[in-house]
Each structure stands twice: as C-alpha cells, then as structure tokens.
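Just below is one structure, and these are the notes that go with it.
Just so it is clear, none of the values below were taken in a lab; they were calculated from the coordinates. Given the structure is predicted, the values throughout are model-derived calculations rather than measurements. Note that we place each Cβ from the backbone using ideal geometry, even for glycine, and neighbour counts take in every protein chain shown.
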C-alpha cells in the first residue's frame, strides 16, 4: 500500500512539472498581446476567446509563455482564469502537418495522448482547450469555449 501511495505521488509530481515546466517570462519584443501572432496581425482568435472569458465576468490573467509547438499547434496561450491555469491552442486547419493532424483527430474525440498520458481536451473550429478539467469552474469555462465563434 505504501509503494502504491509513493508511486501515485511521484506520478502527480511528474504531471505537475510537465504542465508547469513550459512557463516563464516573455523575452524579446513580444508582449502578452502579440505572442503567437503573425507580423501585422492585430487581434487573433486566441485573444478574442480570452476576451470572451473577460466579457462573461471571469478574472482573466496575463499570458504566459507556452511551448505550443510541442502539440504541433500554430499558436497557443496559457493564462489564469479566476486564479487557475488553462491552455488554449490554435491549429490552421487548412495547413496541418501530419503530426498536427494526429493531435487534431485525437482532440476531436475528447482527449489527446501526450507523453503517454491521456489528457482531456475540448476541440472546436481549430481551437483546443486544455486543463479545463482541473479547473474549479471547468463547466463554465467549457460553456464559453463552446459558444465562441
């Protein structure tokens, strides 16, 4: 029983490190509003979705650096909603690499396999919502995501 408890704790620590290890501070000329955008692009869908959360009355934090390339996404952002992190990734559905297509197909079924772990996700119109299942207001976060156009 003790070995089982230690194993569970180690797995949870690994997951915690995995999920937070890609965070950090912005560097260079990027700002919270321009990170992940194409040159000349003023507002992207990720910023619009983030605004949708603000408009629904959520306390929305600043963007944090995220390694969206690890999930073969074109863009991504990680930020807090009411003090708890969520992640959103954007895929260019007209220009998917084979790896990105694999992730998208998995996401459409409601979860992706990332580093051997089954991660619940929501996917709609090229956007993927991650970590909602860990959030205390997960259902409300999903509702805003699903209503976003």
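Modelled label positions at residue 9 and residue 105, each set 7 Å beyond Cα in the direction of Cβ, lie 4.1 nm from each other. A simple packing score, the average count of other Cβ atoms within 10 Å per residue, orders the peptides 71-80, 110-119 as 71-80, 110-119, with the highest score first. So what is log10(I(q)/I(0)) for the range 37-149 at q = 0.11, 0.13, 0.17 1/Å, when the Debye sum runs over its Cα atoms only? Log10 I(q)/I(0), no solvent term: -0.32, -0.45, -0.80.
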